[in-house]
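The values are calculated or read from the model by the stated rules, or taken from the named source; none is laboratory data. Since the structure is predicted, the reported quantities are computational estimates derived from the model, not experimental observations. Heads up, the Cβs are rebuilt from the backbone with ideal geometry, glycines too, and the neighbour counts pull from every protein chain shown. Each accessible area value is taken on the protein alone, full model and side chains, heavy atoms only, with ligands, DNA and RNA left out. Shrake-Rupley method; radii C 1.70, N 1.55, O 1.52, S 1.80 Å.
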Amino acid sequence: MSAVPADPAADAAQPGMAAVPVSWTWPVEGMSCAACVARVEKAVRGVPGVADAAVNLARETVTVTAPPQQAATVLAALDHAGYPVPQQTLALQVDGVSCASCVGRVERALAAVPGVLEADVSLVTERAVVRAVARPEAAPVLRAELGAALRRAGYALRADAGPPLAGATGVQGAGAGAGAARRPWLTDGRRVALALLLAAPLVLPMFALPFGVHAMLPPAWQFALAAPVQCWLGARFYVSGWKAVRAGTGNMDLLVAIGTSAAFGLSLWEWWSAARAGREPHLYLEGAAAVIALVLLGKWLESRAKRRAADAIRALEGLRPATALVLEDGVERERPLPEVGVGDLVRVRPGARVPVDGQIVEGASHLDESLLTGESLPVPRGSGDRVSAGALNGEGLLTLRATAVGAETALARIVRLVENAQAKKAPIQRLVDRVSAVFVPVVLGIALLTLLGWGLAAGNWTAALLNAVAVLVIACPCALGLATPAAIMAGTGVAARNGILIKDAEALELARRVGVVAFDKTGTLTVGRPRLAALDAAPGVDAATAHARAAALQRGSGHPLARAVIDALPDGADAPALARLRAVPGRGLRGTIDGVDHVLGSSRWMEELGVPLGALAGRAEAQRHEGCTVSWLAALEPAGPRLLALLAFADTPKPEAADALARLRAQGLRTVLVSGDNAAAVRVAATALGIDDVRAEVLPGDKARIVGELRAAAAAAAGGRPLVAMVGDGINDAPALAAADVGIAMAEAGQGTDVAMHAAGITLLRGDVHLVPDALDLARRTAAKIRGNLFWAFAFNAIGIPLAASGRLSPMVAGAAMAFSSVFVVGNALLLARWRRPSARRRGP
């Protein structure tokens, strides 16, 4: 098969580039007949700009001719039509990514591989996440093609790659097991130490010159010390720079190589000329050696800081035990984790970590889930409770039945969410990438102008060359490239440690502009464990019979109200057999009992079905005014619908909800309660929580419309916060979470609704309402750190390059400033690690 020959996004991103149509062929799933062919062609041709579309039913492929920037739109159109293009994701560790220019070059190289749809490279982790069309030949062939493309661009897949991206397809590095290879003697730390030791005797005498002390070493000694730094320890700059030249681009290493080589070469020329003339030479070897030593030091500090930024992922990955104790015929057997399956009985000893997600079948203990949920205190767990992989068992011996293993555990999903968030680029990073793409050529041009300007104007070509070297050395593409991803990695990492999962960088940027926070009620602001407060049977109906029939309908449901009905059944009572159960969205449940259809649901549904509520209507109104949720049980008999019973459910607000909502209002945010419950019950809850904007009796499909209305109202109001956040916990909240600018899913670790978590930009791993203002606070701080880092990165270049060009900076000082700039932006980002939840500060640890 063939695919798009170049990355659509890359082509589209080039300003002024003509949108020349290209052709590519993709496999399509779900085609089975000629009607499918017509629908696929109609879907593709409906995309603006598509010049041609041809479907091959035998090969199950579609060939599209369109402008490259429309590829994503075509894929979305096919998916919407029900004929998705299969895709795969690979995570690759790339060797040689040293600056922001490298990031752009690697992304373009990967995107040019046929079949690649998107490539994102992180300068912090030096990891590339590639999304591509899934091919019959599978990931290894694509990985080989990606490796070849990287080599042509001057890079390589790293052999000692770390753990692959959770949930990604394919392999990450050049070969499995390579990570166990022996480390070279000349590690980065030793390289830095040697460079500093060799450069110190050259640099230190410079500090004595202002005091009239001339302690400079003889030229031969200076050369003996500077040559190893330039040609051996600094060889990486030549290698990387030469690869960039071969690829037709430039990077920071090229600037360092050219600048230090010019100073080194000028020194050799001056030494030779002075020897012929019989005078004392004026050498600049200390500048070349100091620049290389300082840049190596900056790179080493930067790499250490980047590893610290990735501590959150390593901490989470460290929670995975390598083995599990599996009970087989009552005997404990230690088995590797990949060999444990769903349904196996697993024994967890005191002090051990839980290896799989499961349900406790025997034993009781306290579990430390702090790294999973941010909850600092151990949580009691007993028979019937669910536990998550990675939790630390306390004092009890537990036996649990595995419900999820491997990549399907809550821990794996958390790691996957955090890794995906750290791999994604913030929208503002796209602007930085465009600047970085032209940064090195512009700096080379400025250096050339500096050389010619000083040389021609002043006639001092030595000073001209030194000033040009300073321009080359002070340029900071690394600081630009690190500013955003370092802050994102630090912010998402500290969030994960506090039970807040941020799905992508866009959610961070949008959260700072949120002006309205809308909440679902049940399970979000209330405890979510309602009790059956009353069951009033209709005249002539036995209450026990009505209760049993309601329990039969609810038995197949996981809704909290269903559990309340079942839990309230008297001991020994049994629910009748049920057939053809189905849920009616926004209304209730319908099923057949003893050959008669029964319904259990809302007042609106009863009205639509024509069920007479009779004398129970007044009783229902009284229950609503007490804050109860009212449901009705009715039988749809041939003679007409007949009311069987009224069921009233009571739920209480979470203890911390009112305080958390007050914190949001103190931050200038509006709070809104959006619920499908009856208006009276919702108003009672809103009054207790201090919310004055209430939207009640809202169907699940209408919650997204309410979010749109709130956004329009927020945009019309003054204050500069036109966006809406939606907080929910269930499947029925997913449309509203997706429609909101920032969706916040509230879920216990391992027990959350996957649909809600997928639709949300932020997931809270505990049901603590305080995490909502905490998450928004951290998102705002991370976005502010991104903006601050970018300001300083641009400021370093905007101030430093003119100073160097004007002759006010020596190459040595310029090199130190360049090294400092990268370390500064990463260190500034790491300050986020000191963030502590405001709610924890208010209540203590």
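For H282, the accessible surface of its heavy atoms amounts to roughly 110 Å² (probe 1.4 Å, protein chains only, rounded to the nearest 10).
Against the empirical curve 2.2 N^0.38 Å, the C-alpha radius of gyration of the stretch 24-98 lands at a ratio of 1.28. Pair-distance distribution P(r) for the stretch 218-369, from all Cα-Cα distances in 5 Å bins starting at 0: 1, 8, 12, 11, 9, 7, 6, 5, 5, 6, 6, 7, 6, 4, 3, 2, 1, 1, 0 percent. A straight chain from L448 to W232 at 0.36 nm per residue would run longer than the Cα-Cα distance by 75.0 nm.
In the complete set of protein chains, residue-level accessible area for E395 is approximately 120 Å², probe 1.4 angstrom. Extension gain, M206 to A715: 0.36 nm times the residue separation minus the Cα-Cα distance gives 177.2 nm. Under the rule a/c < 1.5 gives rounded, and otherwise a/b versus b/c splits prolate from oblate, where does the stretch 645-745 land using the Cα gyration tensor? Judged from the Cα gyration tensor, the stretch 645-745 comes out oblate (a/c at least 1.5, b/c at or above a/b). Here r is the Cβ-Cβ distance between A688 and T65 and R0 is 60 Å; the resulting FRET efficiency, rounded to 0.05, is 0.45. Here the label points at R665 and L397, each 7 Å from Cα along the C-beta direction, are separated by 5.4 nm in the simple model. A 1.4 Å probe run over the stretch 223-305, with the rest of the protein chains in place, finds 42 Å² accessible per residue. Take the Cα of N460, go 7 Å toward its beta carbon, and the backbone nitrogen atoms of the stretch 772-803 under 19 Å from that spot belong to 802-803. So if we plug the beta-carbon distance of D702 and H80 into 1/(1 + (r/R0)^6) with R0 = 22 Å, what FRET efficiency do we get, rounded to 0.05? According to the calculation, E is roughly 0.50. For the Cα atoms of the chain, what angle does the longest principal axis make with the long axis of helix 657-666, in degrees from 0 to 90, nearest 10? On a 0 to 90 degree scale, this one is about 50. Taking every C-alpha pair closer than 8 Å and separated by at least 6 residues, the mean separation divided by the residue count of the chain gives a relative contact order of 12 percent. Relative contact order, whole percent, for the stretch 537-627 stands at 19, derived from Cα pairs under 8 Å and 6 or more residues apart. Largest to smallest in accessible area, the residues Y238, Y284 fall in the order Y238, Y284 (1.4 Å probe, all protein chains included). Rolled with a 1.4 Å probe across the full set of protein chains, the surface gives T89 an accessible area near 40 Å². Computed extension gain for L431 through S32, at 0.36 nm per residue and net of the alpha carbon distance, reaches 139.3 nm. With distances taken between every two different alpha-carbon atoms, the stretch 416-546 has a Kirkwood hydrodynamic radius of 20.8 Å. At an R0 of 56 angstrom, the distance between the Cβ atoms of E621 and R513 translates into a FRET efficiency of 0.85. Relative to the longest principal axis of the Cα atoms of the chain, the long axis of helix 138-152 makes an angle of roughly 20 degrees.
For the chain, the longest principal axis of the Cα atoms and the long axis of helix 285-309 meet at an angle of about 10 degrees.
The distance separating the Cα centre of the stretch 429-488 from that of the stretch 591-608 comes to 74 Å. Here the label points at R780 and T323, each 7 Å from Cα along the C-beta direction, are separated by 5.1 nm in the simple model. Along each principal axis, taking the top coordinate minus the bottom one, the Cα set of the stretch 57-143 gives 46, 27, 19 Å in descending order.
Of the solvent-accessible surface of the chain, computed with a 1.4 Å probe over protein heavy atoms with every protein chain present, carbon and sulfur atoms account for 58 percent. Considering the chain at the alpha-carbon level, its Rg and Dmax are found to be 32.7, 123 Å. Each 10 Å bin from zero holds the following percent of Cα-Cα pairs in the stretch 193-270: 17, 40, 29, 11, 2. Working from Cα pairs under 8 Å separated by at least six residues, relative contact order for the stretch 233-345 is 14 percent.
For the stretch 271-276, 3J(HN,Hα) computed residue by residue from phi via the Karplus equation (6.51, -1.76, 1.60; θ = phi - 60°) reads 4, 5, 5, 5, 5, 5 Hz, glycine and proline entered as x. Could you state the number of Å between the C-alpha centres of the stretch 234-299 and the stretch 669-690? For the stretch 669-690 versus the stretch 234-299, the Cα centre distance is 69 Å.
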